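I have placed the structure first, in the form of structure tokens, so that the comments after it can refer back to it.
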Amino acid sequence: MARLRIPASRLALTRRALLAGGAAGAGLALAAPFPRPAIAQAGRPVVTHGVQSGDVTPGAAMIWSRADRAARMMVEVATTASFTDARTLRGPAALAEGDFAAKLDLTGLPADEEIFYRVRFESLADPSAVSEPVVGHLRTAPAGRRDIRFVWSGDTAGQGWGINTEWGGMRCYETMRSVGPDFFIHSGDTAYCDNPIEAEVALEDGTVWKNVTIEEKAKVAETLAEFRGNFKYNLLDENVRRFNAEVPMMAQWDDHEVVNNWYPGEMLDGDDRYTVKSASLLAARANRAFHEYMPIRPIPGTPERIHRKISYGPMLDVFFLDMRSFRGPNGANDQAERGPDTAFLGAEQIAWLKRELLASDATWKVIAADMPIGMIVYDDWRTKSTFENGANGDGPVRGREFDIADILRFIRDNDVRNTLWLTADVHYTAAHFYDPAKARFGDFAPFWEFVSGPLNSGSFGPNDMDDTFGPQVMFDRAPEGVNLPPSAGLQFFGQVDIEGATGALTVTLKDLEGAALYTVVFDPATGEGTPA
């Protein structure tokens, strides 16, 4: 990953230039068609899996792409779709040891501007051999107040439901793109490295779901190459590549990037699919692949870190949690006292979150969690005796709930206002209001949690609820069966709109076709939400 700065004065960005490029920008996908995943060419490099941007702030954005061979990433940056004001930046070398993926951190960008970028790769064996370009687009975060729209969801290509081109591919990505979001929060399970993809799956109605297949998805991922292949698989989908080129990604992980319900130190002795038994070793390989294939900005000195804050102007801070890397072992989760085995976020991450929440002066503080708070997620769903997330059944605070209670009490005691929790994980959509008056643990201020997903995975739910923090199910939409295919239509995402003039925030849960299912409007003065 290379880091380069673009002086705003040299880009000569003006509102007039932005307006001049607006019409052309609307046809961006048509003007620069996305190549199908690469067929190796003898002479010129090929951009194999499109482009992505991510972790956008008022002055910076990460740019990602991948070549089919050792090549130098070159990025043109402009403020018009015609690239008349472009300048070219020399990026990093894409080498075999990084699977030919490359990222460039664009800094010094002006706030609240449309940025067009064009990625090429120059062969390192023959600098005169240059790939065809692939175009992407983003809008930098604002320095002042303006309308903001973003979407969130999770769970891509799980339970064996992969890319079915006859059905239209991963259609939820296209639906999200159509609403014109400023960015996208992928709430985890960005790839299902523990779920092989078969060519055909027989459906209950007698039809057949047909998947695109690749070698790396024929078995569970164990080698670094196999983990990389899982991320590359999702990028074979045309909807995903088109979406990535137009909507910046802010990603976090959950369990399936490694193996279902994993925790540090776990040994997979009972899973005959794995010859590598150490979940920690698998996680190290998965983490590397995640950082290679997601446009996440590395944090100096902590290259494996996923939890971070993205400041999206004065109206919004997003806090990305990692509920996977620092947890204790899955178990009964019923410890009466806090200790090493009750860790969920871990002491270091909790201290970071408290520090950043306290320092934030953004109107809205969105906490992006990779697991819900009050829904019970069993580790062993057959016996319902071990637990995967914090919730562990009705009663007082126990086990991993100590970490959640600590954070909620801190938010109340320090008057941290206008917090909102967003998550995915459970493969259906829901809205929860956490009411201290109805909780076993009441030392917190009321708040809302919204759940949405999956994007292209099996549909499940609804889950049992745990009354410890008083969650009230205000809305849910879930299947009547188990592991329904995407073609059943129960794929979901959430949309958040912040009004620049008033600061009001609106959350809308949406389905595969983009229909609004449930809406809550939040008052910035009180933080209270009112269902619309």
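The values are calculated or read from the model by the stated rules, or taken from the named source; none is laboratory data. Values in this document were obtained by computation on a predicted structure and should not be read as measured data. Neighbour counts run over all protein chains shown; Cβ positions are idealised from the backbone, glycine included. With ligands, DNA and RNA removed, areas are computed over all heavy atoms of the protein, side chains included. Shrake-Rupley method; radii C 1.70, N 1.55, O 1.52, S 1.80 Å.
Is segment 95-102 home to any residue that is open to solvent by 40 Å² or more (accessible area, probe 1.4 Å), in a loop (DSSP other than H, G, I, E, B) and farther than 30 Å from GLY313 by Cβ? Among the residues of segment 95-102, at least one is open to solvent by 40 Å² or more (accessible area, probe 1.4 Å), in a loop (DSSP other than H, G, I, E, B) and farther than 30 Å from GLY313 by Cβ, which makes the answer yes.
The condition of being surrounded by fewer than 17 Cβ atoms within 10 Å (Cβ to Cβ), in a loop (DSSP other than H, G, I, E, B) and of a type in the set (Ser, Thr, Tyr) holds for only one of THR80, THR84, that being THR84. Take GLU113 and tell me if it is open to solvent by 10 Å² or more (accessible area, probe 1.4 Å), touching a helix residue (DSSP H, G or I) at 6+ places or on another chain (Cβ under 6 Å) and either under 17 Å from MET62 (Cβ atoms) or charged (D, E, K, R) (or both). No, not satisfied. For segment 410-454, the set of residues classified as of a type in the set (Gly, Ala, Ser) and not in a strand (DSSP E or B) consists of ALA424, ALA437, ALA439, GLY442, ALA445, SER452, GLY453, listed by residue number.
Checked against (1) touching a helix residue (DSSP H, G or I) at 6+ places or on another chain (Cβ under 8 Å); (2) in contact (Cβ under 8 Å) with a residue 40 or more places away in the chain; (3) closer than 22 Å to GLY399 by Cα; (4) not aromatic (Phe, Trp, Tyr), ARG288 passes all but a single condition, namely (3). Of the strands (runs of 3 or more DSSP E) that lie entirely inside segment 169-255, those containing 1 or more residues that are open to solvent by less than 40 Å² (accessible area, probe 1.4 Å) and closer than 18 Å to ALA289 by Cα span 183-186, 249-251. Taking segment 142-173, which residues are under 21 Å from LYS219 (Cα atoms) and in contact with a Phe, Trp or Tyr (Cβ under 6 Å, 6 or more places away or on another chain)? Passing the criteria: ALA157, GLY158, ASN164. Filtering ALA439, ALA430, ALA445 for residues that are touching a residue at least 24 places away in the same chain (Cβ under 8 Å), aliphatic (A, V, I, L, M), surrounded by 19 or more Cβ atoms within 10 Å (Cβ to Cβ) and under 18 Å from ILE407 (Cα atoms) leaves a single hit, ALA439. For segment 130-159: of the residues being assigned to a loop (DSSP other than H, G, I, E, B) and open to solvent by 10 Å² or more (accessible area, probe 1.4 Å), which is nearest to ASN244 (Cα to Cα)? Among those that are assigned to a loop (DSSP other than H, G, I, E, B) and open to solvent by 10 Å² or more (accessible area, probe 1.4 Å), it is PRO133. Residues in segment 329-384 that are surrounded by 17 or more Cβ atoms within 10 Å (Cβ to Cβ), of a type in the set (Lys, Arg) and touching a strand residue (DSSP E or B) at 6+ places or on another chain (Cβ under 7 Å): LYS365 only. Within segment 309-333, count every residue that is of a type outside the set (Ser, Thr, Tyr) and either within 16 Å of the chain's Cα centre (by Cα) or assigned to a strand (DSSP E or B) (or both). Qualifying residue count for the region: 12. Can you tell me which residue in segment 456-515 is modelled with the lowest pLDDT, limited to those that are among the acidic types (Asp, Glu), more than 26 Å from ALA439 (Cβ to Cβ) and surrounded by fewer than 17 Cβ atoms within 10 Å (Cβ to Cβ)? So, considering only residues that are among the acidic types (Asp, Glu), more than 26 Å from ALA439 (Cβ to Cβ) and surrounded by fewer than 17 Cβ atoms within 10 Å (Cβ to Cβ), the one modelled with the lowest pLDDT is GLU480.
Only one of the numbered conditions (1) in contact with a Gly (Cβ under 9 Å, 6 or more places away or on another chain); (2) acidic (Asp, Glu); (3) farther than 29 Å from ASN389 by Cα is violated by ASP205, and that is (1). Based on what the data block shows, is PRO37 surrounded by 17 or more Cβ atoms within 10 Å (Cβ to Cβ), closer than 23 Å to ALA289 by Cβ and modelled with pLDDT under 95? It is true that PRO37 is surrounded by 17 or more Cβ atoms within 10 Å (Cβ to Cβ), closer than 23 Å to ALA289 by Cβ and modelled with pLDDT under 95.
When you look at GLY395, is it at pLDDT 95 or above, in contact with a Lys or Arg (Cβ under 9 Å, 6 or more places away or on another chain) and surrounded by fewer than 21 Cβ atoms within 10 Å (Cβ to Cβ), yes or no? Before you say what the answer is, go through the steps one by one.
Values: at pLDDT 95 or above: yes; in contact with a Lys or Arg (Cβ under 9 Å, 6 or more places away or on another chain): yes; surrounded by fewer than 21 Cβ atoms within 10 Å (Cβ to Cβ): yes.
In short, yes.
Among the residues of segment 291-328, just one is open to solvent by 10 Å² or more (accessible area, probe 1.4 Å) and of a type in the set (Phe, Trp, Tyr), namely PHE326.
Every test in (1) in a helix (DSSP H, G or I); (2) within 19 Å of LEU455 (Cβ to Cβ) is passed by ASN287 save one, and that test is (2).
Would you check which residues across segment 103-119 are of a type outside the set (A, V, I, L, M), farther than 24 Å from ARG288 by Cα and part of a strand (DSSP E or B) and list them? Passing the criteria: GLU114, PHE116, TYR117, ARG118. Right, VAL212: of a type in the set (A, V, I, L, M) and in contact (Cβ under 8 Å) with a residue 12 or more places away in the chain or not? Against the criterion (of a type in the set (A, V, I, L, M) and in contact (Cβ under 8 Å) with a residue 12 or more places away in the chain), VAL212 qualifies. Scanning segment 262-279 for residues that are open to solvent by less than 20 Å² (accessible area, probe 1.4 Å) and either among the hydroxyl-bearing types (Ser, Thr, Tyr) or under 17 Å from ALA157 (Cα atoms) (or both) yields one hit, TYR274.
From the list ILE407, ILE373, ILE367, exactly one residue is over 30 Å from ASP511 (Cβ atoms) and either touching a helix residue (DSSP H, G or I) at 6+ places or on another chain (Cβ under 9 Å) or assigned to a helix (DSSP H, G or I) (or both). Which is it? Lay out the reasoning, then the answer.
Numbers: ILE373 fails: over 30 Å from ASP511 (Cβ atoms); ILE367 fails: over 30 Å from ASP511 (Cβ atoms).
Just a single option satisfies the conditions, and that option is ILE407.
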